[in-house]
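Peer 1: Okay, here's the structure, questions in a sec.
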Amino acid sequence: MIREKHRYILVECGASIDKIDASAFSDALYKELLDCIGSLSYHRVRPRVVKVLNANTFVLRTSLYGCGNVVAALALIKRIGGMDSYFYTLKTSGTIKALLK
Amino acid sequence: MEYYDIVRSSCNFDEKLCMKLGFKGIAKAPGDISITDAASGRIVRGERNIVYGSGNLLIGAVKKGAGAVWITDYLLDKKLLDVISDNSIPLVFPLSDIIFAKGLQRPRLMAKMSVLLKYSKKLGLGISFITLADSQKNMCSYMQLIEIAKLLGADDELARTGLSEINKRILYD
């Protein structure tokens, strides 16, 4: 069986995740990413918020193919859940362990 | 590799944020480097500056000694690019234009920028990628700039050189 390769992205967010429900935040983020990436590419990117580290930082998992697209798309997102925000991509890695080192 | 960025003087940031975003240095324009309208005609040879404009005005500015050039309408003007190439002046792509664009405006702008980038690459021009952000929330990390540059058609090496060597040359040479 072939295992799919992922990339993990450490992201800092301008909006406080505490103020929005974590799942509502994820849904809002997926919606924004869908807008930027487009529905034809989104299924190959498959972004998922896998870990919320604190009120402003979280880990996003994407497919290896979609990592670049997600990093670029995060720079273009300036609003989430009706709030002004920003997303800084701080680090990318193939494993969560290496990402958080 | 050491990466450099240029932002607007209204953008407030500290050293910690600069390091967090992966930059060795972030310069302010105007401030650390001047940013001049080609139509103003106030171009000083030897001064560190970015001259913006389009068409014949920019050709004049390049001949007067612009440090770097920003073509604001991103139209492919072969005569202008030939003059820029002859004077070995870097061409600046402020990616904040893409970040701020909305709806269909964004893909249209990106299409124009890709055509300009493709021809500039062919001529062997120095290509610089900067954010020119006006506030902290509009700043980007170096990784995000590289990926946006790749969307425009730059390869990994060109994108990284544009953020490191070319930006360093604009800021410190």
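Values in this text are rule-based calculations from the coordinates and carry no lab data. All values derive from a computational prediction rather than experimental measurement. All Cβ positions, glycine included, derive from the backbone under ideal geometry; neighbour counts span all protein chains shown.
Peer 1: If contacts are Cα pairs under 8 angstrom and at least 6 residues apart, what is the relative contact order of chain A in percent? Working shown, then result.
Peer 2: On the way: 170 pairs, mean separation 43.5, N = 101.
The normalised contact order for chain A reaches 43 percent.
Peer 1: Shifting gears a bit: Please tell me which of these pairs span more than 27 angstrom C-alpha to C-alpha: B:K64/B:K150; A:K97/B:K121; B:K137/B:K168; B:K79/B:K112; A:K5/A:K51; B:K121/B:K168?
Peer 2: B:K64/B:K150; A:K97/B:K121
Peer 1: Considering just Cα atoms, how many Å³ per residue does the convex hull of the protein assembly as shown enclose? Don't skip to the end; give the middle numbers.
Peer 2: On the way: hull volume 38.0 nm³, N = 274.
Convex hull volume per residue, Cα atoms: 139 Å³.
Peer 1: Still on this model: From Cα pairs below 8 angstrom and at least 6 apart in sequence, can you work out the relative contact order of chain B, rounded to a whole percent?
Peer 2: Details: 307 pairs, mean separation 46.0, N = 173.
Worked out over chain B, it gives 27 percent.
Peer 1: Oh, and also: In which sequence would B:C140, A:C13 go, from the one with the fewest C-beta neighbours within 10 Å to the one with the most? Walk me through the intermediate numbers first.
Peer 2: Details: B:C140 30, A:C13 20.
Ranking B:C140, A:C13 by Cβ neighbours within 10 Å, fewest first, gives A:C13, B:C140.
Peer 1: Next question, about the same structure. Based on alpha-carbon centroids, what's the gap between the stretch B:28-75 and the stretch B:140-173 in Å, whole number please?
Peer 2: 20 Å
Peer 1: Please give me the summed charge of the neighbours of B:L123: other residues whose Cβ is under 14 Å from its Cβ, Lys and Arg +1, Asp and Glu -1. Don't skip to the end; give the middle numbers.
Peer 2: Details: positive: B:K78, B:K79, B:K118, B:K121, B:K122; negative: B:D77, B:D82, B:D86.
Counting the neighbours of B:L123, the net charge comes to +2.
Peer 1: Hey, if you put +1 on the Cβ of every Lys and Arg and -1 on every Asp and Glu Cβ in chain A, which of A:A28, A:L74, A:G94 ends up farthest toward the positive end of that dipole?
Peer 2: A:G94
Peer 1: Now a separate question. Could you calculate the FRET efficiency of B:S88 with A:H43 from 1/(1 + (r/R0)^6), where r is the beta carbon distance between them and R0 is 51 Å, rounded to 0.05? Before the final figure, lay out the partial values.
Peer 2: On the way: r = 45 Å, r/R0 = 0.89.
Once the sixth-power term is evaluated, E becomes 0.65.
Peer 1: Magnitude of the Cβ-charge dipole of the stretch B:53-173, K/R +1 and D/E -1, about the Cα centre, nearest 20 debye? Please report the intermediate quantities before stating the final value.
Peer 2: Values: 16 positive and 12 negative charges, 55 e Å.
For the stretch B:53-173, the charge dipole is close to 260 debye.
Peer 1: Using the Karplus curve 6.51 cos²θ - 1.76 cosθ + 1.60 with θ = phi - 60°, work out ³J(HN,Hα) for each residue of the stretch A:88-101 in order, rounded to whole Hz, and write x for Gly and Pro.
Peer 2: 9, 8, 8, 6, 10, 7, x, 9, 5, 4, 5, 5, 8, 5
Peer 1: Could you check what % of the DSSP bridge pairs in the protein assembly as shown are antiparallel, to the nearest 5?
Peer 2: Numbers: 19 of 38 bridges.
Looking only at bridges with both residues in the protein assembly as shown, the antiparallel portion is about 50 percent.
Peer 1: Next question, about the same structure. Could you give the DSSP H helices of chain B that reach 20 angstrom or more along their long axis (alpha carbon positions) and whose average Kyte-Doolittle hydropathy is no lower than -1.0? Numbers along the way, then the final one.
Peer 2: Values: long enough: B:105-123 (27 Å, -0.40).
Membrane-span-like by this criterion, though nothing is claimed about a membrane: B:105-123.
Peer 1: Any chance you could run the full-extension gain for B:K122 through B:D173? It's 0.36 nm times the residue separation minus the Cα-Cα distance, nm to one decimal. It would help to have the intermediate numbers written out before the result.
Peer 2: Details: separation 51, 0.36 × 51 = 18.36 nm, distance 2.44 nm.
Length gained, B:K122 through B:D173: 15.9 nm.
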